[in-house]
2 protein chains.
Amino acid sequence: MALSLPLLGHLDPAFIDAMDATSDMLRKVWGTQNQRTLPLSATGSAGMEAAFVNTVRPGDVVVVAVNGLFGERMVEVASRHGADVIAVEHEYGTPVDVERVVTAHPNPQIIAAVHAETSTGVVSNIQELGANKGDALLLADCVTSIGGMPIELDAWGVDIAYAGSQKCLGVAPGLAPFTISERAYERRVERPANWYLDLGLLGGYATGSPGGQRTYHHTAPTGMVVSLKAGLERIFAEGLDAVYTRHADAGKTLQDGLEDMGLALFAEQGSRLAQLTTVQVPDGIDSAAVRGYLMAKYNLEIGAGTGEYAARIWRIGLMGPNATEANAHFVLAALQDALKNA
Amino acid sequence: MALSLPLLGHLDPAFIDAMDATSDMLRKVWGTQNQRTLPLSATGSAGMEAAFVNTVRPGDVVVVAVNGLFGERMVEVASRHGADVIAVEHEYGTPVDVERVVTAHPNPQIIAAVHAETSTGVVSNIQELGANKGDALLLADCVTSIGGMPIELDAWGVDIAYAGSQKCLGVAPGLAPFTISERAYERRVERPANWYLDLGLLGGYATGSPGGQRTYHHTAPTGMVVSLKAGLERIFAEGLDAVYTRHADAGKTLQDGLEDMGLALFAEQGSRLAQLTTVQVPDGIDSAAVRGYLMAKYNLEIGAGTGEYAARIWRIGLMGPNATEANAHFVLAALQDALKNA
């Protein structure tokens, strides 16, 4: 509905107010006081780009915890900006081994990890990383965790985080919520190799005190920002705790049901995301045929695995307004049908 | 209306079809056969970023015709990527002097210019630049020209162009239509310092033959793409020539009326954009007071100038569905009121 409202001009005071309100709610969802908290004008992947291009200088040591596709992508992005990357590889389906990551280098500039790995359905302990980061900046990918589970960036010691609008926030894809601590901002790269995502320039545009002077940087996607604001308002109307409980309950119902059907979950027990469930495709079952059947008969899209897991796992999201026990039961019934008849 | 439709998944075949249809229409609006024509998942400024980061190697000579803010920005963006930039400065309000630009260096890698300068209301002759570009790649900013005036990229010899969705295409801000010729693509930077806008990676995602295999790169802003498609369909339903004539007529009515009121236009005669009219603020008139009056009384937003022209010119856009003679008369009447009573 918010997307169908008449568009505001990007310098209209009403839009500036909407941007401020959005940033305030992002701070609450993220558990941060960072003044520099804003939705970047691009999708979640641009959040990762912004995180590294603004903080990595050639030769900087960046330790990346790799336990899925998005950790791999961090390695690629950081190395494009000249980082000396130490990739700490994990078996897919397992959480980040904090001990291995924090001992991978005595004094890295940055430690980076994915909070909720969409490719494997695994949650990692960012708080423990933060407690052991030393002088490094801690950078966390929160694309799939934001709005779906508790996050306390400041208490955990996270310096830089980014997310996407289209997962548990339940809004259309197109914005990358982003936040950076003063400590990280002070260490940032001046004039990074990216004008569009230069936090030094964006600061004057999107943050600052309400009613203060804004500098024109680029034309913000005003419709998208207003819709993100509406999505956040929906979350706060329900209540953050209630939203998290709903995600947890829906995920538990789905995961219990899958195991009752004799299916094996992929993510390691104790580290399973509620909002994104990974399940092993049983021997003899054609993964793509099942997915096609679900789409054709139930208009239900479940994901394939990524890379070598493409045909070996399914990924089932219950995110945002879709995270309900009713939907969990619907998925279970549809999958049961598909396993017999696809 | 398109933005309020239920969202498509970014890998849904229906979305892939929408993306293909959108790219096809962009080719027609731009007058190009370039296979690599697509909406980038960010605003127009990211189009400029993509244009330079994918084509500039450190030390490359880039000649930039600067006759307004967006030419200045090109200088900044190109130099961040290591270009040896030759900025050919022009007086604001004048079009690009092709002779000066093409003789600024004997053999530049890139020549860059803005087709329609939003900051000054001036159109430049890109065709003449193309006819004299030599071996250089020609890069054109079409943010304010696309959909508002005839463009023939292939016939003009333009190799790389970008635009925005929110001006004459009449869609919400959030996408950057982009196109690159095979010739330019072959000369591109492999693994540029920007993963998000890496054309080599985007190629597998968004282009290719209809129905062909797509590679996952990032989650596309599906709602925005569907709305851009709807905006382009509206343009083709009216007819491209009719759309251009409507913009030209509305602009002429506005400009004639402003001169009849005794106001002086800012852009040089013969190089005036119809879709964006610049007018000099008369002596003794408070520019901001007039703009505030128009906003408060008529809900009518006109732009200030940029930089040193902030208080010296107004910028009045008649773009997309707003480009009508009725709106031109409305602006004239409102401005007449404001000049007396603001």
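Could you tell me which residue of segment B:219-243 is farthest from the other protein chains (Cβ to nearest Cβ), considering only residues that are under 24 Å from residue A:144 (Cβ atoms) and touching a strand residue (DSSP E or B) at 6+ places or on another chain (Cβ under 9 Å)?
So the residue we want is B:225.
When the residues of segment B:296-324 are narrowed to those that are of a type in the set (Val, Ile, Thr) and away from chain A (no Cβ under 11 Å), which ends up nearest to residue B:337 (Cα to Cα)? Break it down stepwise before answering.
Taking segment B:296-324 as the starting set, the residues that turn out to be of a type in the set (Val, Ile, Thr) are B:302, B:306, B:313, B:316, B:324.
Imposing the further condition that a residue be away from chain A (no Cβ under 11 Å) reduces the set to B:313, B:316, B:324.
Numbers: B:313: 18, B:316: 16, B:324: 20 Å.
Among them, the one singled out is B:316.
For residue A:163, only one of the following conditions fails: (1) at pLDDT below 95; (2) crowded, with 24+ Cβ neighbours inside 10 Å. What is its number?
For residue A:163, the exception is condition (1).
Out of the residues in segment B:28-42 meeting the condition of being within 14 Å of chain A (Cβ to nearest Cβ) and of a type outside the set (A, V, I, L, M, F, W, C), tell me which one is farthest from residue A:41 (Cα to Cα).
Here the residue is B:39.
Applying the selection to segment A:292-331, what residues are in a helix (DSSP H, G or I), surrounded by 14 or more Cβ atoms within 10 Å (Cβ to Cβ) and not aromatic (Phe, Trp, Tyr)?
A:294, A:295, A:320, A:321, A:322, A:325, A:327, A:328, A:329, A:331
If the Cβ limit is 8 Å and pairs must be 6+ apart or interchain, which residue in segment B:286-304 that is among the basic types (Lys, Arg) pairs with which residue that is surrounded by 18 or more Cβ atoms within 10 Å (Cβ to Cβ) and assigned to a helix (DSSP H, G or I)?
Close Cβ pairs satisfying both conditions: B:297/B:334; B:297/B:338.
Kindly establish whether residue A:108 is assigned by TED's automatic domain parsing to the domain that holds residue A:53, assigned to a loop (DSSP other than H, G, I, E, B), under 17 Å from the mean Cα position of the chain (by Cα) and at pLDDT 95 or above.
In short, no.
For residue A:334, which of the numbered conditions (1) crowded, with 21+ Cβ neighbours inside 10 Å; (2) outside any loop (DSSP other than H, G, I, E, B) fails to hold?
Among (1) crowded, with 21+ Cβ neighbours inside 10 Å; (2) outside any loop (DSSP other than H, G, I, E, B), the lone unmet condition for residue A:334 is (1).
The values are calculated or read from the model by the stated rules, or taken from the named source; none is laboratory data. Everything numeric in this text was worked out from a predicted model, so none of it was measured. All Cβ positions, glycine included, derive from the backbone under ideal geometry; neighbour counts span all protein chains shown.
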